[in-house]
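This report refers to the structure that appears directly beneath it.
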Amino acid sequence: MDNQAVIAETKLWNQDTARRRTAPGGFERKPRRGESVIQGFLFICGALTIFTTLAIVFVLGRESLLLVTSKYVTEAGAVHTISLFDFVNTTEWQPHRFKVGIAPLVSATLMSSAIAMLVALPLGLGAAIFLSEYASPRVRSILKPILEVLAGVPTVVYGFFALQFMTPLLQSLFGRSTVEIFNVASAGAVMGIMILPLVASMSEDALSAVPRSLREAAFGLGSTRLETTTRVVLPAALSGIAAAVIIAISRAIGETMIMAIAAGARPNLTANPFESAWTMTGYIASISGGDLAYDTLDYNSIFMVGLLLFLMTLGLNILSRAFVARFREVYD
Amino acid sequence: MDRIALFAAGFISLALALNGSLTTPALAARKGYSARLGLALGLSAGLLGSVLGAVASAALWPDRSGLLVAGSLLGGLGALAAVWSRLPDRARRDAPLPEGEALRRNIQARHLRGTIARTLYLGAIVIALVALATLLWTIANKSFGLVAVQYDVEPDALLLNGEPTGRPLDELSEHELEQILAQNVREALLRRFILESVLAAPQADWPQLSPAPVAEALAGRAYPEDLADRPLNELTSAEAAHLINANMDRDDLEELIFERVINPTIVASWPLWDALMRRDEINTRAAESYPQAELQWRSWISRDFLSGALDPRRADVTGVRPAIIGSLLVILIAIAFAFPVGVGAALYLEEYARDNTFNRIIQTNISNLAGVPSIIYGMLGLAIFVRALEPLTSGQAFGASTANGRTVLSAGLTLALLILPLIIINAQEAVRAVPNSLRQASYGLGATQWQTIWHHVLPYAMPGILTGTILSVSRAFGETAPLILVGGATYLTRDPDGPFSIFTALPLIIFRWTTLPQDEFRNAAAAAIVVLLVLLLTMNSFAIILRNRLSRRLIS
């Protein structure tokens, strides 16, 4: 009998003690109430995470529902309502004027994430390949912690970096008249630097998980290191790398502070990355900066935006997991 | 010419040159040429073709920047295609596999490609490192530098018996300082100093206090007997100065004169790089714009900065003490809640949970929660802790007097929810790494499941659990977005002192100062970032030391 089976049996035996009065061997056994209480407590700890999710869904859903069902009375006495249709049907985002076309926020979010991925994907993947395929163990043991430092820097610091370094850099490259002080490009590029270590470390894990024997076989057939990497190791690790990329996109969409600091604060439906624009997260952060009064249009609108954000990131996370489950190559 | 178009065209040329250098060597080798020749051909064809195309399109259509990009793209691609298709074939086509000289060329070409790719991969790492270095440099650049300081009165121009002292303050005696106060400051201001600095009375009480006799207003404090019956608002300068001196030691007196009479204000600041490289320019600019001011070196991180109170108006005198205290309080509450629950959940999932649907849902749910953006947790905290549970989190149920639920407790609980999934995942890994033989030995000796967990599994997994916890906590320490939502203040008149007080935190302060219009606040923000990073670094190195210590002890 292997270890797992012994453990499983012992577990069962322990869990059933409360019900069984007599243990094997004829010993009289007391029911252990303390054990059950502890187990119950630990179960509650685990179940609490479910409650967190339910609470998020409930809170976001309830306030969003209030947004579309409430009647808002202006000072002039006019009564406004907001219909769900307005969100996708119009393209102007000014909640205090009852215009709730969400397109400007979503487009800015997607644009900043795309810029971030343009930076993070090639650099992160290149770094991962270097670390896993080329670097000696010594070099890796030095470089990996440095990348982790980059991952550990708080995002508000990256926001400062975007405003103090990246924006002036872009302005000196493209001219002050083209690049606004607050712009999506600068925030997006810095966000790319921020998620670079995430892409690098997740891809590196995927690459390192490819068994050595595969590489040895490729080398034995006369492949160079590059050919081994691109034709054998990369395809084998593809599901892990794809998962890393999807997670990185989800992180980029949900990133707040860089956007709130460097991307500016006005709803702007544009394709020009050098203009300022409100992302979804940036909108939530800057609207709730002061004392936001409850049950106003602004208050409800941040939950609506939050709900959309939650659904987008959740979808991407589930997609990433599905990728791994579906396409993972298993070598034993 | 549009600069963006120029940059795009340049980028295209580089990409095409790179592409050419990667593909052409092998092609050349196959056709019987040296791989190095192929490299040179591909590189120059991609680069030259696109540059020529760009130049040509710029010459033909001078005002169309979009065509420049298209021209470079077309030109470069055309040149590469020409090289690839027109390169005459020198090798014999009928040989199935290369041999001899051809084989050597083939291998050389493939190794050349390998070297180029390796350089690119290394380049990615180097760029990441350069980004980190630039980030740190940007912060250092703003934390130190030159400032132009302007005084209301030059320190050595203070009048002493009708003449400028000509000496710095710290060389003057206590009596001389009192004389300076009496002779340089108006009576009304001196009386105000008594109310403010000696009595520390709130402004609302001033109308009552100022007509009161000295004996009554300064009850319990030192005052000369002969002034006892004089009303406070009729004191002469000399008398008021004497009264102040009687209640202050020499250092406090010197500080009072320095801050309130000399009153240094920073009128301009320059970052470290400019201060080092363009000193002459700064000197002339400062002399033009601020003729009264004096250039000084300044480190924005100082003891006063660490221990001082927040000042919403002046970056040069503000401190971060309330923010540091607030951050620590919030994080303590987060740990107190998230650590036990997180470890409990991990133990349940690893030791007790059977493989059924509900437990699988819990597991999936935890990894999904770990990917939820932090700002969503902030909204959860706002709706649940700040609003719905207001009587509890504002402390009104416990007799505290905070007006609403935007308190340390709400913030701490919000961050606790944020780090809970991270702690669970880390703790699960640590518990999973405990060898089964340990559990079997314990069961074999007759221990119950909980005894086994408590006495064997937990101690063995503890280093891993603690490391994971500290790393998660250090992530929460830098979180800003949830705290904004939960309603953290960016200015406090007093330190947060418990779970029910309103709060601020270091990242919040950094956010606020970064977005303020005055440039000096960016210096203060950089200094606050240094404080934050040092705290994080301390936490992380503590985690590493802890892990090494505990694991050495347990494994040996």
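Over the Cα atoms of the range A:93-327, what radius of gyration and what Dmax do you get, in Å?
20.3, 70
How many Cβ atoms of partner chains, on average, are near each residue of A:247-255 if near means within 10 Å of its Cβ? Let's see the in-between values first.
Values: counts 2, 0, 0, 3, 2, 0, 1, 7, 4.
Partner-chain Cβ atoms within 10 Å, mean over residues of A:247-255: 2.
Whats the longest run of chain B with zero trypsin sites (Lys or Arg not before Pro) that are DSSP loop and have at most 11 other Cβ atoms within 10 Å? Don't jump to the answer; show the numbers that get you there.
Values: sites that count: B:Arg90, B:Arg92, B:Arg93, B:Arg186, B:Arg313, B:Arg354, B:Arg494.
That gives B:355-493 as the longest site-free run.
Check each of the GluC sites (Glu not before Pro) in the range B:275-343 and keep only those in coil by DSSP with at most 10 other C-beta atoms within 10 angstrom; list them in order. Walk me through the numbers before you get to the answer.
Values: sites: B:Glu281, B:Glu288, B:Glu294; in loops: none.
Sparse-neighbourhood loop GluC sites (Glu not before Pro): none present.
Given charges of +1 on the Cβ of Lys and Arg and -1 on the Cβ of Asp and Glu, with all other atoms neutral, how large is the dipole of the range B:494-556 about its Cα centre, in debye to the nearest 20?
The dipole of the range B:494-556 has a size of about 540 debye.
For the range B:3-140, what class follows from the C-alpha gyration tensor (a ≥ b ≥ c being the square roots of its eigenvalues): rounded when a/c is under 1.5, otherwise prolate if a/b is larger than b/c, else oblate? Please report the intermediate quantities before stating the final value.
Numbers: a/c = 4.62, a/b = 1.33, b/c = 3.48.
It is oblate, given that a/c is not under 1.5 and a/b is not larger than b/c.
Dividing the Cα convex hull volume of chain B by residue count, how many Å³ per residue is that?
On the way: hull volume 178.3 nm³, N = 556.
Once divided by residue count, the hull of chain B is 321 Å³.
Across the range B:321-555, what fraction of all alpha-carbon pairs, as a whole percent, falls in each successive 5 Å bin from zero upward?
1, 7, 12, 15, 16, 14, 12, 9, 6, 4, 2, 1, 0, 0, 0
In bins 10 Å wide, starting from 0, what share of all Cα pairs of the range A:187-250 does each bin hold, as a percent?
22, 41, 25, 11, 1
Once you have the Kirkwood Rh of the range B:313-385 from its Cα pairs, apply Stokes-Einstein at 37 °C and 0.692 mPa s and quote D in µm²/s. Walk me through the intermediate numbers first.
Numbers: Rh = 15.6 Å.
This corresponds to a translational diffusion coefficient of 210 µm²/s.
Peptide B:450-456: average number of partner chain Cβ atoms within 10 Å per residue? Intermediate results must be reported in sequence, preceding the final value.
Working: counts 9, 2, 2, 2, 1, 0, 0.
Counting other chains' Cβ atoms within 10 Å and averaging over B:450-456 gives 2.
If you average over every viewing direction, what projected area does the convex hull of the Cα atoms of the protein assembly as shown give, in nm²? Walk me through the numbers before you get to the answer.
Details: hull surface 215.4 nm².
With every direction weighted equally, the projected area is 53.9 nm².
With a bin width of 10 angstrom, please list the P(r) values of the range A:260-332 as percents of all Cα-Cα pairs, from the 0 bin to the one holding the largest distance.
16, 32, 27, 15, 8, 2
Report, in debye and to the nearest 20, how large the dipole of the range B:402-556 comes out about its Cα centre when Lys and Arg carry +1 and Asp and Glu carry -1 on their Cβ. Don't jump to the answer; show the numbers that get you there.
Values: 11 positive and 6 negative charges, 108 e Å.
Around 520 debye, computed over the range B:402-556.
For the range A:45-130, which GluC sites (Glu not before Pro) are both in a DSSP coil and crowded by at most 11 other Cβ atoms within 10 Å?
A:Glu75
Specify which residue in the list A:Leu196, A:Gly315, A:Thr53 is farthest towards the positive end of the charge dipole of chain A, using unit charges on the beta carbon of Lys, Arg (+1) and Asp, Glu (-1), about the Cα centre.
A:Thr53
With +1 on each Lys and Arg Cβ and -1 on each Asp and Glu Cβ, how big is the dipole of chain A about its Cα centre, in debye rounded to the nearest 20?
Details: 25 positive and 23 negative charges, 192 e Å.
Value, rounded to 20: 920 debye.
Can you tell me the 0 to 90 degree angle between the C-alpha axis of helix B:100-143 and the longest principal axis of chain B, rounded to 10?
Around 10 degrees separate the two axes.
What longest range of chain A stays clear of loop-exposed chymotrypsin sites (Phe, Trp or Tyr not before Pro) (DSSP non-H/G/I/E/B, at most 10 other C-beta within 10 angstrom)? Present the calculation step by step, with values, prior to reporting the outcome.
Details: sites that count: A:Phe27, A:Tyr331.
No qualifying site falls inside A:28-330, the longest such stretch.
Mean-square fluctuation check for chain A, GNM, Cα pairs under 10 Å: which of A:Ser288, A:Ser136, A:Ser320 is largest?
Judging by the Gaussian network model, the answer is A:Ser136.
With every protein chain in place, what's the accessible area of B:Leu306 (1.4 Å probe, Å², nearest 10)?
Here the accessible area works out near 70 Å².
What are the principal axis extents of the Cα atoms in the range B:425-556, in Å, biggest first?
69, 30, 23
Per the 1.4 Å probe, what fraction of the accessible area of the range B:124-250, in percent, lies on carbon and sulfur atoms?
With neighbouring chains kept in place, the figure for the range B:124-250 is 53 percent.
If Lys and Arg each add +1 and Asp and Glu each add -1, what is the summed charge of the other residues whose beta carbon sits under 14 Å from the beta carbon of A:Ser201? Walk me through the intermediate numbers first.
Numbers: positive: A:Arg140, A:Lys144, A:Arg251; negative: A:Glu148, A:Glu204, A:Asp205.
Summing Lys/Arg as +1 and Asp/Glu as -1 gives 0.
For helix B:519-555, report the angle its Cα long axis makes with the longest principal axis of the Cα atoms of chain B; keep it between 0 and 90° and round to the nearest 10°.
Helix B:519-555 and the main axis of chain B meet at about 70 degrees.
When N counts the residues of the range B:191-249, how does its alpha-carbon radius of gyration compare numerically with 2.2 N^0.38 Å, as a ratio? Write down the numbers at each step before the final one.
Values: Rg = 10.1 Å, N = 59, 2.2 N^0.38 = 10.4 Å.
Expressed relative to 2.2 N^0.38 Å, the Cα Rg reads 0.97.
For the modelled label position 7 Å from the Cα of B:Gln396 along Cα-to-Cβ, which residues of the range B:477-506 have backbone nitrogen atoms closer than 20 Å?
Once the point is set 7 Å along Cα→Cβ of B:Gln396, B:486-489, B:498-503 turn out to lie under 20 Å by backbone N, inside the range B:477-506.
The values are calculated or read from the model by the stated rules, or taken from the named source; none is laboratory data. Nothing here was measured: the structure is a model prediction, and the numbers come from that model. Because the Cβ atoms are built from the backbone with ideal geometry, glycine has one as well, and the counts that use them run over all protein chains shown. Areas reflect the complete protein model, heavy atoms only, side chains present, ligands, DNA and RNA absent. Shrake-Rupley method; radii C 1.70, N 1.55, O 1.52, S 1.80 Å.
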